[in-house]
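Have a look at the structure below, then the notes.
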Amino acid sequence: QRTALDRAIAELIASEMASAERPESHMNLALLYAQMGRPNDAESELQTALRLDPKFIPAMVNLADLYRDQGHDDKAQKWLEKATAVEPNAAEPIYALGLLNVRLKQYPEALTFLAKAASLQPNNNQYSYVYAVALNDGGHSDGAIAVLQQAHQRRPADRQVLEALIAFERDRGNLPAAITHAQQ
């Protein structure tokens, strides 16, 4: 099995290198290397992607994520800020900046970024969910529930949103609403 896996990985690398002039190929290789526990190779591939296209937002976000995994929040923040400077309305780096600010316990800034990401991509229920949790944790349960209700209207079967609605409604003493969401 190991031989078959090694052969498959080699084929994947060769297929990505067939279009090595494209930054997407290097980003795909970086993701592979990161999964394989080879962060230096992942970083090198992301840097190559950015040399090929200095405005390639997905590579910037993935490089920031790689640095975050290594405990280098300062480097991660630099790349996320660069991504938002290149594309001010790109939700992914804005969302990542929100999460970074949560980790750094900079909650007002985190809420600002999470709100913006959720508004830029209203159909992304994960962004809405995380924003709602941050609102609720900050004592804004009414706002959190409003965000979750909008997300629930967009995707009624989203289990994570429903579970949050149940918990938040229960916590504020609105048991009929919590039961309704639990039945859903």
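The values are calculated or read from the model by the stated rules, or taken from the named source; none is laboratory data. Keep in mind the model is a prediction, meaning the values are calculated, not measured. All accessible areas refer to the heavy atoms of the entire protein, side chains included, with ligands and DNA or RNA removed. Shrake-Rupley method; radii C 1.70, N 1.55, O 1.52, S 1.80 Å.
Some points to look at:
- With every protein chain in place, the stretch 79-118: carbon and sulfur % of accessible area (1.4 Å): 60 percent
- Gyration tensor (alpha-carbon) shape descriptor, the stretch 6-51, a/c threshold 1.5: oblate
- Per-residue ³J(HN,Hα) for the stretch 142-150, Karplus 6.51 cos²θ - 1.76 cosθ + 1.60, θ = phi - 60°, Hz, x for Gly and Pro: 4, x, 4, 5, 4, 4, 5, 5, 5
- For the stretch 104-114, 3J(HN,Hα) per residue [Karplus equation, 6.51 cos²θ - 1.76 cosθ + 1.60, θ = phi - 60°, Hz, x = Gly/Pro]: 8, 6, 9, 5, x, 5, 4, 4, 4, 5, 5
- Mean accessible surface per residue for the stretch 1-135, computed with a 1.4 Å probe while every protein chain stays in place, in Å²: 54 Å²
- q = 0.12, 0.18 Å⁻¹, the chain: log10 I(q)/I(0) [Debye, one scatterer per Cα]: -0.70, -1.07
- At q = 0.17, 0.23, 0.24 Å⁻¹ the log10 of I(q)/I(0) for the stretch 6-97 amounts to -0.68, -1.10, -1.16, computed by Debye summation with a single uniform scatterer per C-alpha, solvent ignored.
- The order of 57, 179, 145 by accessible area, most exposed first and with a 1.4 Å probe, is 179, 57, 145.
- Bridgeable lysines around residue 75 (alpha carbons under 21 Å apart, same-chain partners fewer than 8 residues away excluded): 55, 105.
- Computed over the chain: relative contact order in percent, which uses C-alpha pairs under 8 Å that are six or more apart: 9 percent
- Whole-Hz couplings from phi, Karplus 6.51/-1.76/1.60, listed for the stretch 77-83; x for Gly and Pro: 4, 4, 6, 5, 5, 5, 4
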